[in-house]
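Report on the structure given below.
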Amino acid sequence: MRVLLTGARAPVTLDLARRFHAQGHAVFLADSLRFGVAAFSRAVTRMLVVPAPKASAARYVDALLGAVDRWKIDLLVPTCEEVFFIAHHLDRFRDVCAVCTDSLEKLERMHNKWKFSQKRYSEHAQAPESHLLNDTTHLEPFHADSANWVFKPVYSRFAAETRIGPDAAALASVRPSAAKPWIAQRRIVGQEYSTYSVARAGRLQAHAVYRSEYKVGVGSGIYFIACQQPAIEAFVRDFVAAESYTGQIGFDVIVDAEGKPWVLEANPRATSGVHLFAPRDALIEAIVGEVADCVRPSASAPPMLGLALAVFGLRMRGLGKLVRDFVRARDVVFAWSDPLPTLLLPLAVAEIAGIAWRERRQLTEAATYDIEWNGEPL
């Protein structure tokens, strides 16, 4: 099979590329960044630099369709937020290859945090109480009790602008508008989890739950521990069935002191849960076609982003624990048989750092700046 992965910048794309290659598939990449970490992998046959979808969705889609035709692609697998631009033109792509995602109508209901919070999908979990804010006057009821609320834009990622229990000064920085609405969500205290799943026509094909032992900022995990959470899996199973969903999807969940899971948001794309699966696990089979049973991770060593952990880990843990955690984990970027993604990682970081400098954004925000979709007409 000939597979085209978008989002070469993401470690999950590198991971998927190696997995597809190990099973004998020809792997091709496309990204609007030139030096994505997966672009240097020996698992990749060819890499195409495409126009940024945020700048020109039409040119981006045309370039992808040209690559599908030229390389005789059988399966297109979006991994990052470019998925929304592909979903908008899903019929055009499905005319020429299989696509591992669903319609934009479905994806937007998940990506829009307000819409997602308003529908009950399962008896096993639900979203916390939420309120739509599209004017600064809508903040007034929360001033006296802001410590018990979380504020975030309806369209956002990596918790970059999230305010958790803000004081008066932090709440004053929240400026909701009709053009950029926010939500206020009842604050839930407990253990945070994330998920990664693959679904096909409403059937759960693969599933992982994990917690992030180390994070950069509020929302970007760099060290992942696999967990067993049956209630969360039951919610995901109900959700994909209710939506008859096809594609990759992840959820952010908090389990409170009573053991009740609360689902905060959905991400209809790949997440770091990809890294939890061992090479022998049938994750690629779950993406490509039907599997007899839902595939779950069997890997024992926690996956990590080694360079990020080395740079940021001491800010979060003491040296002794950091060293122990580092030694027992496996780096998802480095591989002896495929060293270039690690050796040339500075190029990938420098390219994103250049975007961060030009756009005056944090590094995590700059990593997705050119592929973000915030509900604008396409």
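The values are calculated or read from the model by the stated rules, or taken from the named source; none is laboratory data. As the structure is a computational prediction, the values presented were derived from the model and not from experiment. Glycine gets a Cβ as well: all are built from the backbone with ideal geometry, and neighbour counts include every protein chain shown. Ligands, DNA and RNA are stripped out before the accessible areas are found, and what is left, the full protein with its side chains, is counted by its heavy atoms. Shrake-Rupley method; radii C 1.70, N 1.55, O 1.52, S 1.80 Å.
Here are the numbers for the structure shown:
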read-out: Additional length obtainable on full extension of the chain from Val311 to Arg59, 0.36 nm per residue less Cα span; value: 87.0 nm
read-out: Cα-projected label distance for Lys260 with Ala299, points at 7 Å along beta-carbon direction, nm; value: 3.4 nm
read-out: Potential lengthening between Trp357 and Arg34 on full extension [0.36 nm per residue; Cα-Cα distance subtracted]; value: 114.6 nm
read-out: Contact order relative to length of region 243-303, as percent, for alpha carbon pairs under 8 angstrom and 6 or more apart; value: 27 percent
read-out: For region 84-92, 3J(HN,Hα) per residue [Karplus equation, 6.51 cos²θ - 1.76 cosθ + 1.60, θ = phi - 60°, Hz, x = Gly/Pro]; value: 5, 5, 5, 4, 5, 10, 4, 4, 5
read-out: Of all accessible heavy-atom area on the chain, the percent that carbon and sulfur account for (1.4 Å); value: 54 percent
read-out: Estimated FRET transfer efficiency when R0 is 41 angstrom, pair Asn148-Asp69 (beta carbons, to 0.05); value: 0.15
read-out: Rg followed by Dmax, in Å, when region 305-362 is reduced to its Cα trace; value: 14.0, 38
read-out: Protection-proxy order for peptides 8-16, 283-291, each taking the mean of Cβ atoms within 10 Å per residue, highest first; value: 8-16, 283-291
read-out: Probe 1.4 Å, protein heavy atoms only - accessible area per residue of region 81-198 in square angstrom; value: 45 Å²
read-out: For the chain, share of DSSP beta bridges that run antiparallel, in % to the nearest 5; value: 70 percent
read-out: √(5λ) per eigenvalue of the Cα gyration tensor, region 215-345, largest first, Å; value: 28, 21, 13
read-out: FRET efficiency estimate (nearest 0.05) - Cβ-Cβ, Leu347 to Arg175, R0 35 angstrom; value: 0.45
read-out: Cα-centre dipole for region 217-328 with unit charges at Cβ (Lys and Arg positive, Asp and Glu negative), debye to 20; value: 720 debye
read-out: Approximate spin-label separation Ala168-Thr136, in nm, with each point projected 7 Å along Cα-to-Cβ; value: 1.6 nm
read-out: Under the Karplus curve 6.51 cos²θ - 1.76 cosθ + 1.60, θ = phi - 60°, whole-Hz ³J(HN,Hα) for region 332-348, x wherever Gly or Pro sits; value: 7, 9, 7, 8, 4, 7, 8, x, 4, x, 7, 5, 9, 4, x, 5, 5
read-out: Rounded if a/c under 1.5, otherwise prolate or oblate - region 164-210, Cα gyration tensor axes; value: oblate
read-out: Cα-derived Rg to Rh of region 330-372, Kirkwood definition; value: 1.10
read-out: Nonlocal amide H pairs with Ala299, under 5 Å, H built at 1.01 Å; value: Ala278
read-out: Simple label model, 7 Å out from Cα along Cβ direction - Arg203 to Arg324, nm; value: 4.4 nm
read-out: J(HN,Hα) series, region 258-274, from Karplus relation 6.51 cos²θ - 1.76 cosθ + 1.60, nearest Hz, glycine and proline x; value: 8, x, 8, x, 10, 8, 8, 6, 10, 10, x, 7, 5, 10, 5, x, 3
read-out: Accessible solvent surface per residue of region 286-377, calculated while the other protein chains remain in place, 1.4 angstrom probe, Å²; value: 58 Å²
read-out: Alpha-carbon centroids, region 130-177 and region 212-282: separation in whole Å; value: 24 Å
read-out: For the chain: rounded, prolate or oblate by the Cα gyration tensor [a/c cutoff 1.5]; value: rounded
read-out: All Cα pairs of region 29-76, percent lying beyond 18 Å; value: 31 percent
read-out: Region 1-116 - Rg and Dmax from Cα coordinates, angstrom; value: 13.6, 42
